[in-house]
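No lab work stands behind these numbers, since they all come straight from the coordinates. Computed from a predicted model, the values in this text were never measured in an experiment. Virtual Cβ from ideal backbone geometry, glycine too; neighbours counted across all protein chains shown.
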Amino acid sequence: MRLSKGLGALALGAMLAAGSGCARGPAPGRVELRFWAMGREGEVVQELVADFEKLHPGIHVRVQQIPWSAAHEKLLTGHVGGSTPDISQLGNTWIAEFSALNAVEPLGPWLERSSDCNPDSFFAGIFDTNRLEGVVYGVPWYVDTRLLFYRRDLLGEAGYASMPTNWKDWREAMRAIKRRVGPKRFAIFLPANEPTQAEILGLQAGSTLLKDHDSRGAFQDPPFRRAFDFYIGLFREGLAPPVGNSEIANVYQEFAKGTFAMYITGPWNLGQFHDQLPADLQGKWATAALPGPEGPEGGVSLAGGSSLVMFRGSKHKAEAWQLIEYLSQPEQQLRFYHLSGDLPARREAWRDTALSADPRFRSFGVQLGRAVSTPKIPEWENVIAKIQDQAESVIRGAASTDSALAALDREVNVLLEKRRWLLERRRLSGQPVAEAKR
Amino acid sequence: MKGWVERQQSRAAWAFLSPALLLLGLFFFLPVVAGLALSVTDFDIYAIGDFSTVRFVGLRNYVQAFTNPVFGTALRNTFYFVLVGGPLSVFTSLGAALLVNAPLVRFRTFFRTVFFAPVVTTLVAVAIVWRYLYHPSYGLLNLALGKVGIHPIDWLGDPHWAMPSLILLAVWKNFGYNMLIFLAGLQSIPEELYEASRLDGATAAGRFRHITLPSLGPTFLFVAVMTMIGHFQLFAEPYVMTQGGPLKSTTSVVLLMYQEGFKWWRLGMASAFAFILFMIMLAATWIQMRLQRAEAS
């Protein structure tokens, strides 16, 4: 049975972790910090860590690289088995979950004492993803948001010198492109199997996505409804193909062929577009901050990326904080950007010419200034999956907008029942329930 | 004194059995009981953080499972896979076994090995190859269909074709194993029976109908039950090929259980899914045994 296997794996994982923990101790007199980092970040951070060790000869940092696909499970089993590291990279949408688990250390006192690491020096929306009911649990390490990648030549041919900044003009531009490219090509690619676009447009239209202290869905309420109608309209008008990523197969090839002229995606594609697109297209693509419903200010996007967190179980919190502080320095952030391509979370680092000289990066800087966080609750990723299911069924014509949004609210409300109960329990015990702030 | 010997014997028997019983209890019965207990609670991520948030919810998880449209879809998909994929797999195995066993076939060992090879390869590696075969624009399968004038099919992207595509993959991947079992069954049929029937003038079809099939009865039962149980546990194929999509058309009960339990950490709900599936499998096995027994008598 699945479950017994899972419990067995849990126990085994805990045993292995405990075993490896005592097998190799630090050299006498030296503090050993255990640092978990994921994927490519885990690889390149070794170089920064080596310099940190030179500055702090009393600290040895053991970096453990974890593949992204296994990271979430490993962190959880680590927590259950009591073998969490001192410090870890954590996707900022996971912070709510790990704070609900009581696994991560509040960083407020450390931040107050710090001379360099100041909340105001980060992008505000990004920093906010680390704050739950006023308590800070993580320091942003690198950032990620979504914006428009587009074919400047195709937009130009349709009569637009630059990307429009409000929904109405944006849609007009898409229609103009569509008229030129004909039935087989499209103005924009919005992968039907991704919830991101619906999520972003909802936030832009002023929806909080959830309501009542994030304990009920707000998907049938007017703001989200407006965004969803706009989103679905793009498919119904034939401006976007009603297909998912797997049906497009190779986004770069199709973008080069002009199958679509716009694509909403993240910073990792800056490098990919540079490497994958043919040379004659390199001058023809650009990035732009997302248009907003009424104008550029409303063109918000997701505040993504990873933070650095300290675990409650750590015995070397002072040293762990030194490492977090070190990795947050603008110079280190910039070095990390050059090594990994990950965009720095500190705004000072963006003054560097590597980022400020290239207009494609500048758009990201602008967009990051308009990044907002999604509801910070442990169930959020599950809610997103439900948004995707319902959006996909409307896009593919299997359900109407009315029934899909009603089903979405219903399912999300079932999912958040536990949350409502917990809020009620807190209210009864006399603890104040802080107003959710975005 | 006889009582004493018997007592000693049974004591010795228990002593020899106890390690096995202990292991079985610890790693099988205890987890099953724990799973059953979990399935009547709302054990979730909050409960891992603070155990006091666990609530006893009675049968609520079971009720919610049956009112959850995704679970209904997963059940339908699983039955589709069992009812279409299962028989297809069994008959492919039987066909392959008959072919490999036919006296006229040369290079028998070679074919046996080739047919068995997919069983021992890992699905993850095989999935990469099959994803290429199924690719809507560059896939070999659509290329072949194009040659005979059939429009390309989006095998894994079209909700109607995704499950048949997985069934094809599963049949190809697994038929070799049952083929070996059928082969063993075929080889245990005494040659004298065939000889005698030939002397009596039975045709090849008659020999198959009246000798081969009845002799394979027990083998057939075993293969059918094992295949059915295996098919109910559909997981790896959608997990690596489609992630349950498109439009949940390949989400199986076990895949949903995995997502519920290890992606969203709603272990109470996931355990309820597990027990529902267990009951269904138990019932299906019982029905199958009854049917076969009724036919035999």
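With a cut-off of 10 Å between beta carbons, the residues surrounding A:His316 carry a summed charge of 0, where Lys and Arg count +1 and Asp and Glu -1.
Put a dot 7 Å past the Cα of B:Val129, heading toward its Cβ, do the same for A:Glu172, and the two dots end up 5.7 nm apart. Taking Cα centre as origin and charging only the Cβ of basic (Lys, Arg, +1) and acidic (Asp, Glu, -1) residues, the dipole magnitude of chain A rounds to 580 debye.
Under 26 Å of direct C-alpha separation, and excluding same-chain neighbours fewer than eight residues apart, A:Lys54 reaches these lysines: A:Lys315, A:Lys317. In the protein assembly as shown, the calculated helix contribution to ellipticity at 222 nm averages -17500 deg cm²/dmol per residue, counting -39,500 (n - 2.57) for every DSSP H run with n ≥ 4. Comparing B:Glu195, B:Glu260, B:Glu237, which has the greatest mean-square fluctuation in the GNM of chain B with Cα pairs linked when under 10 Å apart? Taking springs between Cα atoms under 10 Å, the residue moving most is B:Glu195.
Of all aspartates and glutamates in the structure, the ones whose alpha carbon falls short of 20 Å from that of B:Lys173, not counting any fewer than 8 places away in one chain, are B:Glu237.
Please work out the FRET efficiency for the pair A:Arg40 and B:Trp172, using the Cβ-Cβ distance as r and a Förster radius of 60 Å; give the result to the nearest 0.05. Result of the calculation: an efficiency of 0.95.
Once both labels are positioned 7 Å from their Cα atoms along Cα-to-Cβ, the gap between B:Ile150 and A:Ala249 label points is 1.8 nm. For chain B, relative contact order (Cα pairs under 8 Å, six or more residues apart, normalised by length) works out to 28 percent.
Highest mean first, the peptides A:392-398, A:270-276, A:370-376 sorted by other C-beta atoms within 10 Å per residue fall in the order A:370-376, A:392-398, A:270-276. Using C-alpha pairs under 8 Å with a sequence gap of at least 6, the mean separation divided by the residue count of chain A gives a relative contact order of 24 percent. Extension gain, A:Val414 to A:Arg62: 0.36 nm times the residue separation minus the Cα-Cα distance gives 122.5 nm. Straight-line cross-link partners of A:Lys178 among the lysines, defined as a Cα under 28 Å from its Cα and at least 8 positions apart when in the same chain: A:Lys168, A:Lys257, A:Lys284. Summing charges over neighbours of A:Trp36, with a neighbour being any other residue whose Cβ is under 10 Å away from its Cβ, gives +2 when K and R count +1 and D and E count -1. Here's the picture: a label point sits 7 Å out from the Cα of A:Ala354 along the beta-carbon direction, and within segment A:31-61 the residues with their amide nitrogen under 15 Å of it are A:41, A:44-49. When restricted to Cα atoms, segment B:60-296 yields an Rg and a Dmax of 20.7, 67 Å, respectively. Taking the square roots of five times each eigenvalue of the Cα gyration tensor of the protein assembly as shown, the equivalent ellipsoid has semi-axes of 50, 36, 26 Å, listed largest first.
Sorting A:Arg175, A:Arg34 from the fewest to the most surrounding beta carbons within 10 angstrom yields A:Arg175, A:Arg34. Determine, from the Cβ-Cβ distance of A:Asp51 and A:Arg236 and an R0 of 45 Å, the FRET efficiency 1/(1 + (r/R0)^6), rounded to the nearest 0.05. That pair, A:Asp51 with A:Arg236, gives E of 0.25. Given R0 = 22 Å, the distance between the Cβ atoms of B:Ser188 and B:Phe91 translates into a calculated FRET efficiency of 0.60.
Between the DSSP loop rule and a limit of at most 16 other Cβ atoms within 10 Å, which trypsin sites (Lys or Arg not before Pro) in segment B:1-109 are left?
Answer by residue number: B:Arg55, B:Arg106.
The mean number of Cβ atoms from other chains found within 10 Å of a Cβ in peptide B:254-266 is 3, as a whole number.
Net charge in the neighbourhood of B:Val120 (other residues with Cβ under 15 Å of its Cβ; Lys, Arg +1, Asp, Glu -1) is +2.
Once you reduce segment A:165-203 and segment B:1-31 to the center of their Cα atoms, the two points are 71 Å from each other. Note on A:Thr401, A:Thr287: ascending count of other Cβ atoms within 10 Å places them as A:Thr401, A:Thr287, the fewest first. Taken along the Cα-to-beta-carbon direction at a fixed 7 Å, the label points for B:Arg290 and B:Arg106 span 5.2 nm.
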